[in-house]
Amino acid sequence: MEITWYGLSCFRLRDRALTIVTDPYDASIGLTLPRLRAAVVTVSHNAPGHNHVSAVRGCEHVFDGPGEYEVRGVFITGVATYHKGKVGRRERNTAFLYEFGDISVAHLGDLGAPLDREQVELLSGADALLVPVGGGDALDAARAAEVVTALEPTIIIPMHYAQPGLKLKLHPVTQFLKEMGVPAPEVMPSLKITKSDLRGGETQVILLESQGETS
């Protein structure tokens, strides 16, 4: 399967069976999505940076809340979590686990609060974890590192951090890399994963080059 990042929390996850777009954004955040086509769109949080579903052509299914779904043999689990805020007044965020046959990907969306035991059980074991690291109303570098430790993925792909053109005030990804104790890796335009790539289980952080455009 192939993972491509378009900035903020928007990714395209694609294999032979299905294409999924996560958290499409509108131009108000300072970035412009290129033309994307996908049968499934998932929305983690009801905000302009995450819910611009109409930007994706060919969409047949929109999942924006907790539940278990199946489309063309791909299993999708929405897990109820929380956006940043005071306890009792936190906004809902939905994290998603996508199971593409023998490869699984977890997308934490606009997660801003620590995960409880049940949430960890539902999301742990993913081969690849797409995790917000730039702070603001989502996880900062330190909390993102704690979540990574709890979920134990093989591949970690940071998202939701400062990038050229983005109007949101977020921290750079370098803070997360420092927190994880890893040097800055080579930036890749996209990531192609096969099950054989995951053998050995060695954890690695991968940076993707944003394919979004500055508005």
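Bear in mind these aren't lab numbers, they're just calculated from the coordinates by the rules spelled out. The structure displayed is predicted, hence computed values, not measured ones. Here Cβ is always computed from backbone atoms with ideal geometry, including for glycine, and neighbour counts include all displayed protein chains.
Placing pseudo-labels 7 Å out from each Cα toward the beta carbon at Arg16 and Thr149 gives an inter-label distance of 4.1 nm. Computed over the chain with a Gaussian network model linking Cα atoms closer than 10 Å, the most mobile of Gly30, Gly112, Gly73 is Gly73.
Summing -39500 (n - 2.57) over the DSSP H runs of n ≥ 4 in the chain and dividing by its residue number, what mean residue ellipticity at 222 nm do you reach, to the nearest 500 deg cm²/dmol? Numbers along the way, then the final one.
On the way: 3 runs with 26 residues, N = 215.
Calculated from helices alone, the mean residue ellipticity at 222 nm is -3500 deg cm²/dmol.
Report relative contact order for the chain in percent, whole number only (criteria: Cα-Cα under 8 Å, sequence separation at least 6). 19 percent. Spin-label pair Arg199-Asp116: with each label point 7 Å from Cα along the Cα-Cβ axis, the two points sit 4.1 nm from one another.
Note on the chain: dipole from Cβ charges, positive end direction compared against Ile155, Val131, Val120; the farthest Cα belongs to Val131.
If a/c stays under 1.5 just call it rounded; otherwise compare a/b with b/c (prolate if a/b is bigger, oblate if not). Do that for the stretch 29-103, with a ≥ b ≥ c from the square roots of the Cα gyration tensor eigenvalues. Could you put the intermediate results ahead of the total?
Details: a/c = 2.44, a/b = 1.18, b/c = 2.07.
It comes out oblate by the Cα gyration axes.
Among Gly78, Gly136, Gly109, the largest mean-square fluctuation in a Gaussian network model of the chain (Cα springs under 10 Å) belongs to Gly136.
When the Cα positions of Tyr6, Gly109, Gly30 are compared along the charge dipole of the stretch 2-210, Gly30 comes out farthest toward the positive end, with charges on each C-beta of Lys, Arg, Asp and Glu. Give the percent of DSSP beta bridges with both residues in the chain that are antiparallel, rounded to the nearest 5. Here the antiparallel bridges make up roughly 60 percent for the chain. Residues considered: Asp127, Asp102, Asp26. Largest GNM mean-square fluctuation over the chain, using C-alpha springs under 10 Å, is found at Asp102.
Evaluate the charge dipole of the chain about its Cα centre and quote only its size in Debye, nearest 20, assuming +1 on the Cβ of each Lys and Arg and -1 on the Cβ of each Asp and Glu. Present the calculation step by step, with values, prior to reporting the outcome.
On the way: 20 positive and 26 negative charges, 105 e Å.
Approximately 500 debye in magnitude.
Taking R0 as 25 Å, what's the FRET efficiency between Glu60 and Arg92 from their Cβ-Cβ distance, rounded to 0.05?
Details: r = 24 Å, r/R0 = 0.96.
Using R0 = 25 Å, I get an efficiency of 0.55.
The label-point distance for Lys178 and Glu209, in a model that sets each label 7 Å from Cα toward Cβ, rounds to 2.6 nm.
Quick check on the stretch 1-128: take the gyration tensor over C-alpha atoms, sort the square-rooted eigenvalues as a ≥ b ≥ c, and tell me if it's rounded (a/c under 1.5), prolate or oblate. Oblate, because a/c is 1.5 or more while a/b does not exceed b/c. Can you classify the stretch 66-215 as rounded, prolate or oblate using the Cα gyration tensor, where a ≥ b ≥ c are the square roots of its eigenvalues, rounded means a/c under 1.5, and otherwise it's prolate if a/b beats b/c and oblate if not? Note, shape of the stretch 66-215 comes out rounded.
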